[in-house]
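> After the structure tokens below, expect a handful of questions from me.
Quick note: the coordinates plus some simple rules give every number you see, no bench work behind them. Bear in mind that the values here come from a model prediction, so they are computed numbers and not experimental data. Cβ atoms come from the backbone with ideal geometry, glycine included; neighbour counts cover every protein chain shown.
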């Protein structure tokens, strides 16, 4: 069960850089105990939004409260209460793994036996113990991310912001990172994570979809997938790219995208797989199979992006 007081409250939050509006009148709330995802392509405003919520960047307009604190009036108090891991892992490459942990522990006011116990526990649980004296700059990408996660969470923050935490790491490291996130969430930490990986967003309790600085939808993954209009079909054919062009020209085809070697097409109610096959074969494209498909978040995002455009 979530606690009644929201961890984050945002209303009409806007940030402009000259003529560019990076975040445009965004409103949402995050309940305590949630794993909340900000999902969108690069340039959609996710990082700008998260930097405002962390008290790093002042909003141009709007209201944001983090753990009950106004981010405009008291940004330093926000910074003291949260954990933050940026896109660019903020490690000191010329310090060892252990030295980075001790430095960030000091930044967050940890000292003495409490500091040592938390560092030793993290090193043991993360598997970084044998690398304690290794320079952080020589770690592979997945281990660097793991170390940065430890540095951001040593002080046990009630709210953790993670900005593209798995960018540039391999799939196995990504899975391990999400396991660490959920272990922290089970201990009561609220987590807001930005990502452009659609499969990762499935792990979140709720997701806010962002496009060109605007919030276009916010709900659970299952409810977002229920927003997809029409009927979704997965089409296997000889020329998927050509098939996209043919289907996109049909007025009864709502959305199309490539899904590996398949074409996903959302068609209007009342239309059928036979209509799709006829349209493709009349253009000389051989159809191997057409089957109903379960919507993914990528299908939803493509549809919402088309509506927003």
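> Can you tell me how the stretch 56-207 classifies by the Cα gyration tensor, rounded, prolate or oblate, using a/c under 1.5 as the rounded cut?
Verdict is oblate for the stretch 56-207.
> When the Cα centres of the stretch 88-131 and the stretch 186-232 are compared, how far apart do they sit, in Å?
Comparing the Cα centres of the stretch 88-131 and the stretch 186-232, I get a distance of 32 Å.
> If you don't mind, there's one more thing I want to ask. Can you order the peptides 182-189, 294-301, 43-50 by their average number of other Cβ atoms within 10 Å per residue, highest first?
43-50, 294-301, 182-189
> If you don't mind, another one. Find how much the distance from residue 19 to residue 138 grows on full extension, using 0.36 nm per residue of separation minus their present alpha carbon separation; answer in nm with one decimal.
Residue separation times 0.36 nm, minus the Cα-Cα distance, leaves 38.7 nm.
> A further question on this structure: With r as the distance between the Cβ atoms of residue 77 and residue 11 and R0 = 22 Å, compute the FRET efficiency 1/(1 + (r/R0)^6) and round to 0.05.
My answer for the efficiency is 0.65.
> What angle do you read, to the nearest 10 degrees and between 0 and 90, between the alpha-carbon axis of helix 171-186 and the longest principal axis of the chain?
Roughly 60 degrees between the two axes.
> What number, rounded to the nearest 500 deg cm²/dmol, is the helix-based mean residue ellipticity at 222 nm of the chain, given -39500 (n - 2.57) per DSSP H run of at least four residues and division by all its residues?
Calculated mean residue ellipticity at 222 nm is -10500 deg cm²/dmol.
> Hey, of (i) 43; (ii) 51; (iii) 40, which did the structure itself give for percent of Cα pairs over 27 Å apart when calculated?
Computing percent of Cα pairs over 27 Å apart and matching it to (i) 43; (ii) 51; (iii) 40 gives (ii).
> Sort 218, 151 so that the residue with the fewest other Cβ atoms within 10 Å of its own Cβ comes first and the one with the most comes last.
The fewest-first ordering by Cβ neighbours comes to 218, 151.
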